[in-house]
Amino acid sequence: MDSAREVSDGRLTVEGFSVAARTFADKWMIHNQAFPPWSWIPLINRTLLVSNKEEGYLSLEKIIILSSLDEIPEDESLNVATDCLEKEESIDHTILVPTLENEAHYYDFHIVHSASYKVPVLYFRGYCSGGQPLSLDVIRKDLPSCSVSLLVESKWTFITQEEHPYLNRPWFKLHPCGTEEWIKLLSQSSSSSGCHMPVELYLVSWFSVVGQVVGLRTPLQMLN
């Protein structure tokens, strides 16, 4: 695909998603080294038993969130505070090393291309160290408080549970309704070329908004 290709309608093709996903994963690895890297999982053609390099999804797994946030030492945590709640800037919600005093909640995140909406969708699941899945009520307690407000107030960030499109197991997801519209607005406000966004920056720009809902911060350097 031509690297100069741009997105003007807020939607991505499968090929465009593949390009955007690899750019996002590369930038994340360079600028967010405190976290594990995102992995590209190619889809397998079940008839030929070969992988399709253009089709797949991104995976970030076994991120640990401690349920007792008040007891997290500041020097052991990652800053994932958001601008919408300045008073929480001293509280870090996500860390990579659990302590014995706190119960660890593990989270897996997948970024999947929606064939129907033609936009990326964030799927996620939470579970305890023993593998027991977390309910939505427990997950909400792990989210930054401003994210909970977003889930209540915004039409596009509500959480639903459905079968993962590739794993055939129930996962939660941030519903993609409205993604196309706000990506258009984001393109218009951030692009010097009008309403067009380079396809390589699509996922980076998208995740800079969506990631905040689940407490995953996108470093500003990734947007360059």
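Of 27/184; 118/184; 27/141, which sit over 19 Å apart, Cα to Cα? All intermediate terms of the calculation are to be shown ahead of the outcome.
On the way: 27/184 22 Å; 118/184 13 Å; 27/141 30 Å.
Among 27/184; 118/184; 27/141, the Cα-Cα distance tops 19 Å for 27/184; 27/141.
Note down the nm distance, to one decimal, between modelled labels 7 Å out along Cα→Cβ at residue 138 and at residue 22.
3.9 nm
I want to check the label-to-label distance for residue 181 and residue 163. Put each point 7 Å from Cα in the C-beta direction and report it in nm to one decimal.
Taking the simple label geometry, residue 181 and residue 163 are separated by 3.0 nm.
Computed from the coordinates by the stated procedures, all read-outs in this text should not be read as laboratory data. What you see is a predicted model; the values in this text were computed from it and never measured. For neighbour counting, all protein chains shown are included, and Cβ atoms are generated from backbone atoms with ideal geometry for every residue, glycine included.
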